[in-house]
Amino acid sequence: MRTCFLFPAQGAQYPGMARDLWEHSSAVKELFGVASEVTGVDLQRLLFEGTEDQLRATDRTQIAVTLANLSAAKVLTEVGITGDGFAGFSLGEYSALHLAGVISTEDIFAIAKERGVAMEEASRASDTPEGRSGMAAVVGLPPEQVEEAISQLRPGTIFIANYSSPRQVVLAGTAGGLHASEVACKKAGARRFIPLKVSGPFHSPLLQDAADRLAEVLSNVPFNNPKYPVYANVTGTLVSSGSQARELCIKQVVSSVRWTDEVLTLQDAGFERYLEVGPGQVLSGLFRGFPGNIRCEAAGTLEAIKEVAVASA
């Protein structure tokens, strides 16, 4: 059975995540040590004792979610489950690139730290007297209707950040842009407008300064050619080389995540099983919005991983 590991993004975090994996696996404990040394952050304390607000700060969240993702992948490998291909949503794409052999363990955590700092600073620069910039999911309205609903709003204040599923998109923008888009989308028939647990307008032109800074960071990081199939958010297609992966990582900061296209590409590639390798069940939920009998299984906790292992036996 061809298996694709899917890695979640910022917003999936929760206090105490990956503690069960840390308690179970010496390899995970070692991974925590490497990540803490590279980033200078006590990640055991952050993940296990940090509050929801502390975990929400972009300059900490990106490290924490990446560590939780890779910890789950470690334990899956220990029970004999490996991926034949890899993809990740937003930040999760870095975990996918790591598992595909594109970037090293040390580099992924160094990148997560620098990317988080750059995105946090750029996000705060986009705040206004109306409030903080951020993101929100629009549920129950097709993407083309969301595009139409926000097309009449003040330019430069709201953007489509994620094409998450045929039934859901995510917007990113200023506080004023988000408020105006909520009114417009509900008027157009959206069932729900849900603010996300993130601290900035990710995947939008508002973060151009972060993309520029990340470009400088990544210019000094080796990006190897993929050893396994790995897929990109910006294009929704297969990554062909390490140099392309680097370019797409930079573009990803200010470009829409085309997850709907990416999932369809994965289906066309013949993957039969999809595992959400990391905290939460956001991606599993999104899969329910796709046509056909496609589903994604949660595999981010020790209990869930054991269930997957039993089902695979």
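The values are calculated or read from the model by the stated rules, or taken from the named source; none is laboratory data. These numbers come from a predicted model, not from an experiment. Heads up, the Cβs are rebuilt from the backbone with ideal geometry, glycines too, and the neighbour counts pull from every protein chain shown. When the accessible area is computed, the model is the full protein with side chains, heavy atoms only, and any ligands, DNA or RNA have been set aside. Shrake-Rupley method; radii C 1.70, N 1.55, O 1.52, S 1.80 Å.
Just to confirm a number: summing +1 for Lys and Arg and -1 for Asp and Glu over residues other than V139 whose beta-carbon lies under 14 angstrom from that of V139, what do you get?
On the way: positive: R167, K186, R191, R192, R288; negative: E182.
Net charge around V139: +4.
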For this session: Would you mind telling me which residue in T51, T260, T39 has the biggest mean-square fluctuation in a Gaussian network model of the chain, where springs connect alpha carbons within a distance under 10 angstrom?
Result: T51
For this session: Report the extension gain between E106 and E216 in nm, rounded to one decimal, defined as 0.36 nm multiplied by the number of residues separating them, less their alpha carbon distance.
Result: 37.8 nm
Seminar exercise, completed: Taking H203, H24, H98, H179 and ranking on accessible area (1.4 Å, protein atoms only), highest first, one gets H179, H24, H98, H203
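Which FRET efficiency value, to the nearest 0.05, is calculated for N225 and A57 with the Förster distance at 45 angstrom and r the Cβ-Cβ distance?
Working: r = 34 Å, r/R0 = 0.76.
Here the calculated transfer efficiency is 0.85.
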Seminar exercise, completed: Pseudo-spin-label distance S243 to A125, built 7 Å along Cα→Cβ, given in nm, is 2.9
Exercise. So what's the convex hull volume per residue for the Cα atoms of segment 184-313, in Å³?
Worked result: 167
For this session: Please give every one of the aspartates and glutamates within straight-line cross-link reach of K186, meaning a C-alpha to C-alpha distance under 14 Å, and leave out same-chain neighbours fewer than 8 residues apart.
Result: E147, E148
Exercise. According to the Cα gyration tensor, what semi-axes, each the square root of 5 times an eigenvalue, does the equivalent ellipsoid of the chain have, listed from largest to smallest in whole Å?
Worked result: 29, 22, 19
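Keeping all protein chains in place and using 1.4 angstrom, which order do K251, K197 fall into by accessible surface area, from largest down?
Details: K251 110, K197 75 Å².
Most to least solvent-accessible, the answer reads K251, K197.
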Problem set entry | lysines whose Cα lies under 29 Å from that of K29, excluding same-chain neighbours fewer than 8 positions away | K74, K113, K197, K227, K306
Exercise. Can you give the angle from 0 to 90° between the axis of helix 242-252 and the longest principal axis of the chain, with both taken from C-alpha atoms, to the nearest 10?
Worked result: 40
For this session: Identify, among F86, A175, Q62, the residue whose Cα sits farthest towards the positive end of the charge dipole of the chain, taking +1 on the Cβ of Lys and Arg and -1 on the Cβ of Asp and Glu, with the dipole about the Cα centre.
Result: A175
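How many percent of all Cα-Cα pairs in segment 28-70 sit more than 14 Å apart? Intermediate values should be presented prior to the final figure.
Values: 345 of 903 pairs.
Every Cα pair in segment 28-70 considered, those over 14 Å come to 38 percent.
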For this session: Enter the mean projected area of the convex hull around the alpha-carbon atoms of segment 152-241, in nm², rounded to one decimal.
Result: 7.9
Exercise. How long, wide and thick is segment 100-226, going by the Cα atoms along their three principal axes, in whole angstroms, largest first?
Worked result: 48, 34, 22
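If Lys and Arg each add +1 and Asp and Glu each add -1, what is the summed charge of the other residues whose beta carbon sits under 12 Å from the beta carbon of V257?
Working: positive: K251, R258; negative: E93, D261, E262.
Result for the local shell: -1.
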Exercise. P(r) for segment 212-277: what percent of alpha-carbon pairs falls in each 5 Å bin, starting at zero?
Worked result: 4, 16, 24, 23, 19, 9, 4, 1
Problem set entry | Rg over Rh [alpha-carbon atoms, Kirkwood Rh] for segment 19-91 | 0.98
